[in-house]
Amino acid sequence: MFDPFLQELHTSIKAHGGKPASVPNGLELCVSQKGNSMIRSWLWNVPGFRRWRVTRLDAGKSLQVLNSVAYPDYNNDQPLMGIDLLWFGSRSKLVAVLDFQPLVQDQSYFERHFQGLKVLQSRFPELRSQETMRSFDPHLYFSPWLLFCRGGIDQAKGALPIAFNDFIKSYWDLQDLAIQRPSLIPSLEVRRLHIAYDIYSSRKDPAHGLFASYFGKSWADRFLKEFLFPDSYRDESSPLI
């Protein structure tokens, strides 16, 4: 279901100078004990970003997942990029979340970084659900213009592929703007906000339970702390070095 999305994302990363980085040993690939589910992950070194991770879970007809988060360099206060796509085949159900995840909930910050996403959301009413987030506070690390959908095959094969490609392009456009203008949030504060994001997400992310059910709790615990949110164990006030 999501292999074309994965290919598009990786092609885009490579086109912007991305190079593969090492994933912690044992976390780059895991196959379930029954052998019917597999999860693969990638890390990328990308100019302008301190970390870019990608994960693809293939559990056949029962579940398909694509997840990615991009963390800009500390000297850039632009939002994180978040992708979370899930397809439950037995129910033909799609859950899609695409967002520029804000570091702060501030109007001037929104005006500076979210014009592109505003335009994108207006173009895709199918991905403009009014439902509330079930696991996360929608007013913390999510923007008012996120692309969010609980739908079916029509959305999965209709609006989503087009929106996904345009979403990636819009985020690169935001990165190009960041090169041309200075960050307004100091790098030490950006670092603290990145750490706070990892701490919050590690506590709230429902994926941990999902990964544990497929690949065991021990592996899922490592995956959460060492790959998904490695800054979640840090002190938000600790120095950069």
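A Cβ distance below 7 Å, combined with a sequence gap of six or more or placement on separate chains, defines the contacts here; from region 200-229, residues that are without any contact (Cβ under 8 Å) to a residue 24 or more places away in the chain reach residues that are hydrophobic (A, V, I, L, M, F, W, C) and surrounded by fewer than 19 Cβ atoms within 10 Å (Cβ to Cβ) in the pairs ALA220/ALA212.
How about region 3-67: which strands (runs of 3 or more DSSP E) wholly inside it have at least 1 residues that are touching a Pro at 6+ places or on another chain (Cβ under 7 Å) and either touching a residue at least 40 places away in the same chain (Cβ under 8 Å) or surrounded by 13 or more Cβ atoms within 10 Å (Cβ to Cβ) (or both)?
Details: elements: 19-21, 29-31, 38-45, 49-58.
By residue number, 38-45, 49-58.
When each of ASP154, ASP99, ASP77 is tested for being touching a residue at least 60 places away in the same chain (Cβ under 8 Å) and either in a loop (DSSP other than H, G, I, E, B) or of a type in the set (Asp, Glu) (or both), the lone residue that passes is ASP77.
Annotation: of all residues in region 177-215 being surrounded by fewer than 16 Cβ atoms within 10 Å (Cβ to Cβ) and at pLDDT 95 or above, the one that is farthest from SER232 (Cα to Cα) is LEU184.
With the structure loaded, tell me whether HIS113 is within 30 Å of CYS30 (Cα to Cα), buried (at least 16 other Cβ atoms within 10 Å of the Cβ) and in contact with a strand residue (DSSP E or B) (Cβ under 8 Å, 6 or more places away or on another chain) or whether it fails that test.
Working: within 30 Å of CYS30 (Cα to Cα): no; buried (at least 16 other Cβ atoms within 10 Å of the Cβ): yes; in contact with a strand residue (DSSP E or B) (Cβ under 8 Å, 6 or more places away or on another chain): yes.
So HIS113 fails the test.
Taken as a whole, the structure places SER170 among residues that are modelled with pLDDT of 95 or more and not charged (D, E, K, R). For region 178-191, the tally of residues that are without any contact (Cβ under 8 Å) to a residue 60 or more places away in the chain and either in a loop (DSSP other than H, G, I, E, B) or under 17 Å from MET81 (Cα atoms) (or both) stands at 3.
The values are calculated or read from the model by the stated rules, or taken from the named source; none is laboratory data. On a predicted model such as this, the values are computed, not experimentally measured, just so you know. Positions of Cβ are generated from backbone atoms using ideal geometry, with glycine treated the same way; all protein chains shown enter the neighbour counts.
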